[in-house]
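**Q** Just dropping this structure here.
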Amino acid sequence: MHHADCPLHTLIDLASRLQDFCGRDTPRFEMSHQITLTYFNWRQRGEVIRWILAYSGQEFTDNRIELEEWVKALMDNRSKAPLGQIPYIEVDGRALGQSHAIGRYLARQYSCAGQDPWEQAEVDAIVDFSEDAYNPFTDWLRTKFVFGKLEKANELQQQYLSSHIPPYLKKFDQLIRDGKGFAVGEGPTWADFTMVAFLDEVVTLMEPKLLDGYATLHDYVDRIHNLKGIKEWLTRRPITTL
């Protein structure tokens, strides 16, 4: 059938439906870029960035460095990190630091930041909310894995599991139950990646039974894990302690 055979309003409706479908259910690929992510050989602050890139189908160089290498680069003034911190990314020769700024930039670039300004603000709010839940967890990580203060780490763990994380789990669970299967809107955003990557860390490193009693949240985590791009990344990423 030629376009002339279709009424104009039909073509407009089809175009609108196609745009809506592409925006909500599948990642929309933008022009390919040369991207390098530099971070430690850890998941942590670098993992959400990797998930966004994996979900988008954007190839990238995953430049993993050891702590000693990073310290030496700083001392020798050889680091390309614009703010003297990692993670940072290089995109076509330009460098950007701060994990949330990187995540926001990439999510906008690859259409998983929200469909309109309001959704984008909701996504940012959930990312920040997840950060509030994550920060005390990083204190525990440093205490146990960096400083080796096991007694103090056990104390922090008990506090975290008994009083800090439960309200966040309830709110995360409510967000999914009250929504349409995702943190914001009808399709994946980097808010989903931030929430799930954070929950993965707590389950893996602190409490394997964290999601017991949260059936909706448990199913949601599985659904995000099985998104195209994310699923493949989880099977091929390096196995690391942190």
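**Q** Among the residues of segment 202-226, which ones are surrounded by fewer than 18 Cβ atoms within 10 Å (Cβ to Cβ), in a helix (DSSP H, G or I) and not aliphatic (A, V, I, L, M)?
**A** Scanning segment 202-226 gives Thr204, Thr216, His218, Asp219, Asp222, Arg223, His225.
**Q** Would you mind stating whether Thr194 is under 19 Å from Trp51 (Cβ atoms), modelled with pLDDT of 95 or more and not in a loop (DSSP other than H, G, I, E, B)? Outline the logic, then answer.
**A** Values: under 19 Å from Trp51 (Cβ atoms): yes; modelled with pLDDT of 95 or more: yes; not in a loop (DSSP other than H, G, I, E, B): yes.
Yes: the conditions hold for Thr194.
**Q** Condition check: touching a strand residue (DSSP E or B) at 6+ places or on another chain (Cβ under 8 Å) and outside any helix (DSSP H, G or I). Does Pro188 satisfy that?
**A** Here the answer is no, as Pro188 does not meet what is asked.
**Q** With in contact (Cβ under 8 Å) with a residue 24 or more places away in the chain and over 20 Å from Ile52 (Cα atoms) as the only criterion, which of Leu199, Leu205 stands out?
**A** Leu205
**Q** On to the next question. Return the only residue of Arg142, Arg236 being closer than 21 Å to His100 by Cβ, of a type outside the set (Ser, Thr, Tyr) and free of Cβ contacts under 8 Å to residues at least 12 places away in the same chain.
**A** Arg142
**Q** Find all pairs meeting these conditions: Cβ atoms under 9 angstrom apart; at least six residues apart or on different chains; first residue within segment 71-83 and under 16 Å from Gly97 (Cα atoms) and touching a residue at least 12 places away in the same chain (Cβ under 8 Å); second residue surrounded by 12 or more Cβ atoms within 10 Å (Cβ to Cβ) and of a type in the set (Asp, Glu).
**A** Lys80/Glu90
**Q** Does any residue of segment 178-186 turn out to be touching a helix residue (DSSP H, G or I) at 6+ places or on another chain (Cβ under 6 Å) and at positive phi?
**A** Among the residues of segment 178-186, at least one is touching a helix residue (DSSP H, G or I) at 6+ places or on another chain (Cβ under 6 Å) and at positive phi, which makes the answer yes.
**Q** Further question on the same structure: Go through Glu151, Glu155 for me and flag whichever is part of a helix (DSSP H, G or I), out of contact with any Ser or Thr (no Cβ under 6 Å at 6 or more places or on another chain) and closer than 18 Å to Ala133 by Cα.
**A** Criteria check complete, one pass: Glu155.
**Q** Can you name every residue in segment 212-238 that is of a type in the set (A, V, I, L, M, F, W, C) and over 18 Å from Glu47 (Cβ atoms)? Steps first, answer last, please.
**A** The initial filter retains those residues of segment 212-238 that are of a type in the set (A, V, I, L, M, F, W, C), namely 215, 217, 221, 224, 227, 230, 233-234.
Answer for segment 212-238, where residues must be of a type in the set (A, V, I, L, M, F, W, C) and over 18 Å from Glu47 (Cβ atoms): Ala215, Leu217.
**Q** Is it fair to say Ile176 is assigned to a helix (DSSP H, G or I), within 24 Å of Leu227 (Cα to Cα), over 16 Å from the mean Cα position of the chain (by Cα) and at pLDDT 95 or above?
**A** The answer is yes for Ile176.
**Q** While we're here: Might you check whether a residue that is of a type in the set (Asp, Glu) and either under 18 Å from the mean Cα position of the chain (by Cα) or modelled with pLDDT of 95 or more (or both) occurs anywhere in segment 87-106?
**A** yes
**Q** How many residues are over 12 Å from Tyr220 (Cβ atoms) and either without any contact (Cβ under 8 Å) to a residue 60 or more places away in the chain or under 15 Å from the mean Cα position of the chain (by Cα) (or both) when one looks only at segment 179-190?
**A** 4
The values are calculated or read from the model by the stated rules, or taken from the named source; none is laboratory data. Computed from a prediction, not measured in an experiment: that's the story for all the values here. Don't worry about glycine lacking a Cβ; one is built from the backbone with ideal geometry, like all the others, and counts go over all protein chains shown.
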